[in-house]
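The values are calculated or read from the model by the stated rules, or taken from the named source; none is laboratory data. Worth saying up front: this structure is predicted, and the values here are computed from it rather than measured. Methodologically, a virtual Cβ is constructed for each residue, glycine included, from the backbone with ideal geometry; neighbour enumeration extends over all protein chains shown.
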Amino acid sequence: MSFKLPDFLSWPSLDTLRQNMGAPLTNNFTLAPVYSEISIVDQLNSGGVEIDLDEISVHEDGTLVYRGYRGLIHIRDITSIAGEARMPRYHLAYCQTLEKMNKNSRFDRYVVAQTTSGEFKVNVIDREVTSQNIRLNVCQNCLDRIHWKGFSIPGMSRAERQNRVDHFSLSEFFKEYPRDLIGKKPSHTSITAPLNNYSPGWATLSKEIRRKRGYQCESCREIFGQDDSRFLHVHHRNGLKNDNRIANLAVLCIACHAKQPEHGHLKAHPDYKLFMARPKS
């Protein structure tokens, strides 16, 4: 025995209910695909994830963080002008370029990715849209922001800066700045950890770092004369006073230094009060 299903599209009771709901009459039914959840890491490695400004944060070392992972951002959609598309740079730190784009409300053009190949998905928009993976150059302002291996825009020739960009390695960058900030484990035990104290020769090293970076605060960008260098400090980004890697050292004025985590005590220092009371130019 077999049964024939009724034609539900012409069933009066169902049609009345459909009309009350405002649903269209159709016989074009399709099954919605079921997607498995893709991890954040897979998304970042797949060519770029569209982001909102609120989803990007800046780590204390200046690098960019997306949902607990260090990320790289770039402009994905490029308009071709007169048949020529100017390729963007990718960014790994909150540099002067990103600060300017943010102030001009242009930050939403960026997508976030995480790759070690240096290749990023770019959509070239002309009469048609062409999607391709293209090797992009790192932003020089970003390298200057984190002082990557001594990189300095004011202290290097254009040829030397370009040479550093050409040989920049994302694999080396992610070794220095691990991707996963959530799963990061302590490097030492209570037995193996070195004493968290200034290393011998710190005073000399601090003077040299300030000199090489032009006696300029990396936060407020104020430049100090050599006589006022007492107001300029060298800050250990990760809080380890024995970690004198260049990437871990930031030159900050005493006011900006006091704003760093667990550095509020500097506001009680006589130099801080003297600095804050000085005439503003």
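For this structure, a couple of remarks:
- Within region 71-91, the residues that satisfy the criterion of being charged (D, E, K, R) and at pLDDT below 90 are Arg76, Asp77, Glu84, Arg86.
- Residue in region 238-249 that is surrounded by 17 or more Cβ atoms within 10 Å (Cβ to Cβ) and free of Cβ contacts under 8 Å to residues at least 40 places away in the same chain present: no
- Residues satisfying the criterion are absent from region 191-212 (criterion: under 25 Å from Gln96 (Cα atoms) and in a loop (DSSP other than H, G, I, E, B)).
Here is a yes/no grid of residues against (1) under 25 Å from the mean Cα position of the chain (by Cα); (2) closer than 25 Å to Leu143 by Cα:
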{"residue": "Asn196", "(1), (2)": "no, no"}
{"residue": "Gly201", "(1), (2)": "no, no"}
{"residue": "Ser206", "(1), (2)": "no, yes"}
{"residue": "Ile209", "(1), (2)": "yes, yes"}
{"residue": "Asp228", "(1), (2)": "no, no"}
{"residue": "Leu232", "(1), (2)": "no, yes"}
{"residue": "Asn238", "(1), (2)": "yes, yes"}
{"residue": "Asn244", "(1), (2)": "yes, yes"}
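- Restricting attention to region 110-144, the residues being of a type in the set (Lys, Arg), surrounded by fewer than 14 Cβ atoms within 10 Å (Cβ to Cβ) and in contact with a strand residue (DSSP E or B) (Cβ under 8 Å, 6 or more places away or on another chain) number 1.
- Top-ranked residue in region 213-229 [being outside any loop (DSSP other than H, G, I, E, B) and at pLDDT 90 or above; ranked as farthest from Trp148 (Cα to Cα)]: Ile223
- Within region 88-116, residues that are among the acidic types (Asp, Glu) reach partners that are surrounded by 15 or more Cβ atoms within 10 Å (Cβ to Cβ) and in a loop (DSSP other than H, G, I, E, B) with beta carbons closer than 9 Å, at six or more positions or on different chains, in the pairs Asp108/Ile51.
- Each residue in region 101-125 was checked for being farther than 19 Å from Asp54 by Cβ and charged (D, E, K, R), and 2 of them qualify.
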